[in-house]
Structure formats: C-alpha cells, structure tokens
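Take a look at the structure set out below.
The values are calculated or read from the model by the stated rules, or taken from the named source; none is laboratory data. If you're wondering where the values come from, they're calculated on a predicted model, not measured in any experiment. When we count neighbours, we look across all protein chains shown, and the Cβ atoms used for this are built from the backbone with ideal geometry, even at glycine. Accessible surface is based on the protein model in full, side chains and every heavy atom, while ligands, DNA and RNA are left aside. Shrake-Rupley method; radii C 1.70, N 1.55, O 1.52, S 1.80 Å.
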Amino acid sequence: TVGAYVVTYNVSDGSGNSATQASRTVMVVDTIAPVITLQGNAVVNVNCGSEYSDAGVTAFDQCEGDLTAEVVAEGMDVDTSVTGTHIITYSLNDHAGNYAAEVVRTVNVVDESAPVIALNGESTVTIECGSTFTDPGATALDVCDGVLTDSVIIGGDKVDNGNAGVYVITYNVSDASSNAA
C-alpha cells in the first residue's frame, strides 16, 4: 500500500540502559503504470448489418490489482449498417496518476453479403401469341446498400410475342462491394 512507514529501532543492555532510539522512514510509492491487455483480436471484421459485440480488455496494476472496471473505452458505438473502419481506444490511469499505454482495437465493417433479388409476380408467365408482354421486373435489396432495384440488370432472351416459344429473362445486380446476387 502506498504511504510512509516509520520503522523504529530500540535496544537495552543487561543493566537496563536504553540506547537512543533510531528510526527510519520507508516510502512506498507507485511509479509503475497499470497494464491493459486486449481480449480477442486487435483487428476484427464484422459483416455489415451484423451485431458487433466487443471482446473487451483486462487491466492490472502492481499496487492496486485488478482495475478492469476502471478502463475507459472510446469509440464503442460501432455502426454496422455502414461499411468502414472504427477505432476503439482503451485507456486507464491508476490512483497514483500513472497512465497505462493505450490499447486499440480496429473494427472493420465489411460487406460480404450478396444482394437478394425478388421477382415481381410469378416466375413463369404465359401469354397468348400476338399479345403484349410487359415485364413485371424484379426488386433488389442489399443489407448494406439498401434498395438496389434501379440497378437491376435485365438480360436473357428478348420476348418475341409473334413466335410461340419459351423465353428466359434474367435479372442480376451487384452491390457497391461487388457482391453479385
């Protein structure tokens, strides 16, 4: 425990004569900084739209023991709805004013999920030869980029309503991270 401690020395001889008392002051000081230890990885990738749960840290001080509860974390509000890099910084100082070396975790919100295409209407459409075909289209939704319907690429066969047959129309879309549906 930090503080000043006085140790006194005294002695008497066999005739009862006492020596002049001597004393020593021992100063117990805390000049060593606490240590923060990162739990989990220093760099974490989390998929866009997923929940992020931080692994946390532990902290120990030579004089005060476990100081984990006193660690200050800045940047914990990781927005996983948008791709990007978030930095979480952990800091601590003990009661003697010694500052621990800051510890940093990098959280990368990445988009590894493909968008989803949904057909408007049925997947098989039958029309009478000579009638007009109007493509009902498709919608597209991505967990990071949101609605991508305007980016849907229509391909495949061109419907020739004057010739009976089977025509296949395809729909595709990619998100901003080049994940194809």
Inset, instruction - Run down Val44, Val35, Val104 and say which single residue is β-branched (Val, Ile, Thr), open to solvent by 40 Å² or more (accessible area, probe 1.4 Å), at pLDDT 95 or above and under 30 Å from Ala176 (Cα atoms). - result: Val104
Legend entry - Pair list, Cβ < 7 Å and 6+ apart or interchain, from segment 20-39 residues that are in contact (Cβ under 8 Å) with a residue 24 or more places away in the chain to residues that are assigned to a strand (DSSP E or B) and of a type in the set (Val, Ile, Thr): Ile36/Val57; Ile36/Val103; Thr37/Val57; Thr37/Thr58; Leu38/Val57; Leu38/Val103
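Suppose we filter Tyr171, Tyr167 for residues that are touching a Gly at 6+ places or on another chain (Cβ under 9 Å) and open to solvent by 60 Å² or more (accessible area, probe 1.4 Å); which single one remains?
Details: Tyr171 fails: open to solvent by 60 Å² or more (accessible area, probe 1.4 Å).
Every option except Tyr167 fails the conditions.
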Inset, instruction - Identify all residues within segment 79-92 that are modelled with pLDDT under 95 and touching a Leu at 6+ places or on another chain (Cβ under 9 Å); write none if there are none. - result: none
Legend entry - Condition check for Val57: of a type in the set (A, V, I, L, M), in contact (Cβ under 8 Å) with a residue 24 or more places away in the chain, surrounded by 11 or more Cβ atoms within 10 Å (Cβ to Cβ) and over 20 Å from Val2 (Cβ atoms): yes
